[in-house]
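Following: one structure in structure tokens, then a few remarks.
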Amino acid sequence: MRKLFCLVFLFISGLAQAQQPEKLNSSEIYSEIEKLNFLGSVLYVAAHPDDENTRLISYFSNELNARTAYLSLTRGDGGQNLIGPQLRELLGVIRTQELLAARKIDGGEQFFSRANDFGYSKTPEETLNIWNEEEVLKDVVRTIRLFKPDVIINRFDANSAGETHGHHTSSAILSSRAFDLAGKPSAYPQLADELGTWQPKKLFFNTSPWFYESQEAFDAADKSRFISFDTGVYFPLKGLSNTEIASLSRSQHQSQGFGSTGTRGTASEYIELLKGKHPENNPDIFHGINTSWSRVKGGKEIGKILNLVQENFDFKDPAASVPQLVKAYQLIQNLEDPQWKELKSEQIKDVIAAAMGLYLEAVAGSPLATPGEKVNLELEAINRSDINTELLSVKLFPEEKTIPVNLSLANNRASVQEIDFVIPENINFTSPYWLNEEGSLGMYRVTQNELIGLPETPRELKVQFTVDVAGVKIPFERNITYKFNDPVTGESYRPFEVVPKVSVTTGTNVMVFANGVPGSITVTVKAMANGISGELNPEEMPGWKISPEKHIFDTLQKGEEITFSFEVQPPAVQDKVVFKPVATVNGNTYSRSVVQLDYPHIPLQTLVLPNKTSLVKLDIQKRGNLVGYIQGAGDVVPQALEQMGYKVELIDPKYISENNLAKFDAVVVGIRAYNTIDELRYRQPALFEYVKQGGNLILQYNTSRGLVTETLAPYELELSRDRVTNEAAEVTFLAPNHPVLNFPNKITSKDFEGWVQERGLYFPDKWGKEFTPILAMNDKDEAPTKGSLLVTPYGKGNFIYTGLSFFREFPAGVPGAFRLFANMLSLPQHEPSVSGLQQDNQK
């Protein structure tokens, strides 16, 4: 159990591994001493990234100095992405990193369960049925037993079934059950043997007027079990209010568009007691809980020392506190309690290093390496104080090879040494652990129990510097990183990654073959080490013909890549298969792709993922050739249209005009464009005129809130929050004879088979009589919705609004989605009716 706790804490304390090392100033050192001297903890529980109340997390961490963590049951994989095209697993990686960036700002820690965010769910029953309810509950119990919170706070109400996202309600239900189970040895006994048991003292619900019908209803509610406190407190040492810190934290959720403006002044928060005991009208959440060092056997003397350190801290000379901090460190090593010993040892070591300006760093000569490769390491150590300090040795992990140094570190005299080491052959790749195995719709599969709940994969490659500080040996661990000079930003850091010797990447995730027409697919082989030679073979796909049978590559150097092309002849019948190319080098096979996600607000992410491409043989016809596309919040629809045989031109909204649109056979507007592109509020007349002159205009889904214009369509059209989350929900054809279901492809119920995540979202619920609703669908026990696909003639052309989730179906290679979209693009022109012209003139 001690080994696991140490692994977890060391990992959490080094979450900023890909960014510049923290160099704390005096006020930050003092804040860390305050936290070192407080022994209380809070766990906040919700369902997704961005669900957390950053005001409370920052308040508990920075005002109360409590150890605070957020347990997000999912990684937000089912959401949308406002900053790029990544969805599902890749979006989950981005949102994981955004949470870690948020926690770095507000001072919290981060945990997850194995639950997969499969998309919007209307009830907790559906959610818990798709998730493995028992396993997710076990993960919550695991987090409680690992983190050992005194207090748990739920973001959502366990009694809100049907009123909010099913994931939200489920998070509260599972948290409440876990509160009761975590302290019982009979609950998950193997987990109890591994981590011990833990019984939190109190469970709260973070209530607010949002959970009531109105502000008036909230004001009138019985608040006898409420605690209220002002989270708008100002921190002079930080120069920020708590609410400003919270806004900075929340603004890290960039993929969700949650940028937040900081506020100042009082800000009331409310938590309602659900379980445990707490006196009425007492704002101290830790009332009745010993949060001093006296709660730990042998801790009273440590508390005395740290109280004196805090009282006598010299902001001009933090190193003056080091002798007493070292004395406290020695006493902490004698504690019997493994949790507090490990936790506070790491905390106080960070404070000691910061107070004496002790800088320790291990930098690799390149950002990537492969198993068995020799890597050059530059080790830097410098002490910027008058404290007697000696670097005794360095130890390389995971081999645990110790190199004696015995070098005195005089004040401000840098020591830089270079060593070589070999990456172990059996080391794991540095890729998100929850993506290593294929999971299910509702759960990620994690075979290493010790990793469950961690936000990232712990780094195996690290260096331990053993330093004698004022006569006491103290080990400091640092992850190996990569540092370089950027000509614009200067000193820059990246994670040091371990990857396979060969990366195999297909140029697309899905490739469509229409009507038996053959095509070519490209595969890039990239050497991640020197001297790579071998052959590339596609795995057999019955019914499909691929040539040539193999390609040869010879003596590729590290970083060099070569692209090959395979000719593909699809079968005569409609079919869908997975194309999987495999590189063979020295008898070893490689089929995974090294993928990188590079966004400025998070560390560069390197993933080693299965390389799979869906090949889809379609019986599909289309009309027209040139399609204009107005990009919205990030999707891959343009690429899908090109796969269907269209030529696609991206349209800059600034240049939308009648003349510029006239050349297009159809124009498509990307998802959430009317939520994110302000320019569109001025371009509607030109788009409508394009339709009137005979064009087809397709608007994909937008959220009902935050529209840049209320005039989405030439006729009345109002969006709602209606959606159908069951991707297999029955679809009824309301207008079976309409061209969109018949020309040029005959659409049948078979075209709605194999859809993923959902049917669609944010359907209109009100529209003018000019529109024809095409489809009806509904989730279980709900009335049919009819707004998923609406079509109306306008002038000579056609205006189409659809909430169907084509942006999800195209990457999944769903044949029917391609066929239906082709029909939308191919709707024929027609002569406007007299009544229609009269309506236009009246408008």
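The values are calculated or read from the model by the stated rules, or taken from the named source; none is laboratory data. Not measured: the values here are computed from a predicted model. Backbone-built Cβ (ideal geometry, glycine too); neighbour counts: all protein chains shown.
Does at least one position in region 133-147 carry a residue that is surrounded by fewer than 24 Cβ atoms within 10 Å (Cβ to Cβ), on the phi < 0 side of the Ramachandran plot, in a loop (DSSP other than H, G, I, E, B) and assigned by TED's automatic domain parsing to the domain that holds Asp230? No, that holds for no residue.
With the requirement that a residue be of a type in the set (Ser, Thr, Tyr), under 33 Å from the mean Cα position of the chain (by Cα) and assigned to a strand (DSSP E or B), what does region 497-541 give you? If the condition is that a residue be of a type in the set (Ser, Thr, Tyr), under 33 Å from the mean Cα position of the chain (by Cα) and assigned to a strand (DSSP E or B), then Ser503, Thr505, Thr506, Thr522, Thr524 are the ones that fit. Under the condition of being surrounded by fewer than 24 Cβ atoms within 10 Å (Cβ to Cβ), over 22 Å from Gln254 (Cα atoms) and not hydroxyl-bearing (Ser, Thr, Tyr), the residues counted in region 115-132 number 7.
If I filter region 681-700 for residues that are farther than 17 Å from Thr792 by Cβ, within 34 Å of the chain's Cα centre (by Cα) and of a type in the set (A, V, I, L, M), do I get at least one hit? Checked against the condition, which is being farther than 17 Å from Thr792 by Cβ, within 34 Å of the chain's Cα centre (by Cα) and of a type in the set (A, V, I, L, M), region 681-700 yields no hits at all. For region 437-487, the tally of residues that are under 21 Å from the mean Cα position of the chain (by Cα), among the basic types (Lys, Arg) and surrounded by 15 or more Cβ atoms within 10 Å (Cβ to Cβ) stands at 1.
Test of understanding: among Asn737, Asn726, which residue is in a loop (DSSP other than H, G, I, E, B), surrounded by fewer than 22 Cβ atoms within 10 Å (Cβ to Cβ), touching a residue at least 40 places away in the same chain (Cβ under 8 Å) and assigned by TED's automatic domain parsing to the domain that holds Ala776?
Values: Asn737 fails: touching a residue at least 40 places away in the same chain (Cβ under 8 Å).
Result of the check over Asn737, Asn726: Asn726.
What residue, among those in region 178-199 that are in a loop (DSSP other than H, G, I, E, B) and touching a Ser or Thr at 6+ places or on another chain (Cβ under 9 Å), is surrounded by the most Cβ atoms within 10 Å (Cβ to Cβ)? Before you say what the answer is, go through the steps one by one.
Going residue by residue through region 178-199, those that are in a loop (DSSP other than H, G, I, E, B) are 182-188, 196-199.
Narrowing the set further to residues that are touching a Ser or Thr at 6+ places or on another chain (Cβ under 9 Å) leaves 182-185, 187.
Details: Ala182: 26, Gly183: 15, Lys184: 13, Pro185: 11, Ala187: 18.
My answer is Ala182.
Look at region 150-165 and say how many of its residues are modelled with pLDDT of 95 or more and farther than 24 Å from Met443 by Cβ. So the count comes out to 3.
Conditions tested, residue by residue: (1) over 25 Å from Lys35 (Cα atoms); (2) among the β-branched types (Val, Ile, Thr).
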{"position": "Glu135", "(1), (2)": "yes, no"}
{"position": "Val141", "(1), (2)": "yes, yes"}
{"position": "Lys148", "(1), (2)": "no, no"}
{"position": "Thr169", "(1), (2)": "yes, yes"}
{"position": "Ala178", "(1), (2)": "yes, no"}
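Please work out if Lys327 is crowded, with 20+ Cβ neighbours inside 10 Å, among the basic types (Lys, Arg) and within 24 Å of Leu391 (Cα to Cα). No: the conditions fail for Lys327.
Quick grid of which residues meet (1) surrounded by fewer than 13 Cβ atoms within 10 Å (Cβ to Cβ); (2) in contact (Cβ under 8 Å) with a residue 60 or more places away in the chain; (3) assigned by TED's automatic domain parsing to the domain that holds Asn132; (4) under 22 Å from Ile480 (Cα atoms):
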residue: Asn388; (1), (2), (3), (4): no, yes, no, no
residue: Ser393; (1), (2), (3), (4): no, yes, no, yes
residue: Ile403; (1), (2), (3), (4): no, no, no, yes
residue: Asn411; (1), (2), (3), (4): no, no, no, no
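For Lys304, the conditions (1) part of a helix (DSSP H, G or I); (2) touching a strand residue (DSSP E or B) at 6+ places or on another chain (Cβ under 6 Å) all hold with the exception of (2).
Please count how many residues of region 384-410 are in a loop (DSSP other than H, G, I, E, B) and out of contact with any Ser or Thr (no Cβ under 7 Å at 6 or more places or on another chain). Qualifying residue count, region 384-410: 9.
Tell me, yes or no, whether region 133-146 has at least one residue that is among the aliphatic types (A, V, I, L, M) and touching a Pro at 6+ places or on another chain (Cβ under 6 Å).
Our first condition is that a residue be among the aliphatic types (A, V, I, L, M); within region 133-146, this holds for 136-137, 140-141, 144, 146.
In the following step, the residues that additionally are touching a Pro at 6+ places or on another chain (Cβ under 6 Å) were identified as none.
Within region 133-146 (the criterion being among the aliphatic types (A, V, I, L, M) and touching a Pro at 6+ places or on another chain (Cβ under 6 Å)), the answer is no, since none of the residues qualifies.
Residues in region 45-83 that are among the charged types (D, E, K, R) and without any contact (Cβ under 8 Å) to a residue 60 or more places away in the chain: Asp77 only.
Just one of the listed residues (Leu343, Leu335, Leu237) is within 32 Å of the chain's Cα centre (by Cα) and modelled with pLDDT of 95 or more, and it is Leu343.
Among the residues making up region 307-324, those that are under 20 Å from Asp386 (Cβ atoms), part of a helix (DSSP H, G or I) and not aliphatic (A, V, I, L, M) are Pro318, Ser321, Pro323, Gln324. Residue pairs whose Cβ atoms lie under 6 Å apart, separated by 6 or more positions or on different chains, with the first residue in region 264-287 and farther than 16 Å from Leu43 by Cα and the second acidic (Asp, Glu) and surrounded by fewer than 17 Cβ atoms within 10 Å (Cβ to Cβ), are Thr266/Asp230. When each of Leu71, Leu64, Leu90, Leu56 is tested for being crowded, with 24+ Cβ neighbours inside 10 Å and out of contact with any helix residue (DSSP H, G or I) (no Cβ under 7 Å at 6 or more places or on another chain), the lone residue that passes is Leu56.
Could you identify the single residue in Ser345, Ser251 that is free of Cβ contacts under 8 Å to residues at least 24 places away in the same chain, of a type in the set (Gly, Ala, Ser) and closer than 28 Å to Gln199 by Cα?
Only one candidate passes the filter, namely Ser345.
The set of residues in region 413-440 that are in contact (Cβ under 8 Å) with a residue 24 or more places away in the chain and polar (S, T, N, Q) comprises Ser415, Gln417, Asn426, Asn428, Thr430, Ser431, Ser440. Just so you know, in region 767-782 the residues that are over 35 Å from the mean Cα position of the chain (by Cα) and of a type outside the set (Asp, Glu) include one that is surrounded by the fewest Cβ atoms within 10 Å (Cβ to Cβ), and it is Lys769. Restricted to region 587-611, and to residues that are touching a Ser or Thr at 6+ places or on another chain (Cβ under 8 Å) and not hydrophobic (A, V, I, L, M, F, W, C), which residue is farthest from Thr505 (Cα to Cα)? Checking each candidate, the answer is Thr606.
Does Leu650 qualify as being hydrophobic (A, V, I, L, M, F, W, C) and buried (at least 20 other Cβ atoms within 10 Å of the Cβ)? Lay out the reasoning, then the answer.
Working: hydrophobic (A, V, I, L, M, F, W, C): yes; buried (at least 20 other Cβ atoms within 10 Å of the Cβ): no.
The answer is no for Leu650.
Candidates Ala369, Ala381: the one that is buried (at least 19 other Cβ atoms within 10 Å of the Cβ), small (Gly, Ala, Ser) and in contact with a Ser or Thr (Cβ under 7 Å, 6 or more places away or on another chain) is Ala381.
Residue check: is Val351 touching a residue at least 24 places away in the same chain (Cβ under 8 Å), under 21 Å from Asn479 (Cβ atoms) and not assigned by TED's automatic domain parsing to the domain that holds Asn530?
Yes, satisfied.
Among the acidic types (Asp, Glu), farther than 30 Å from Arg95 by Cα and not in a helix (DSSP H, G or I): is that true of Asp219 in this structure? Can you show your working first?
Values: among the acidic types (Asp, Glu): yes; farther than 30 Å from Arg95 by Cα: yes; not in a helix (DSSP H, G or I): no.
Answer is no for this residue.
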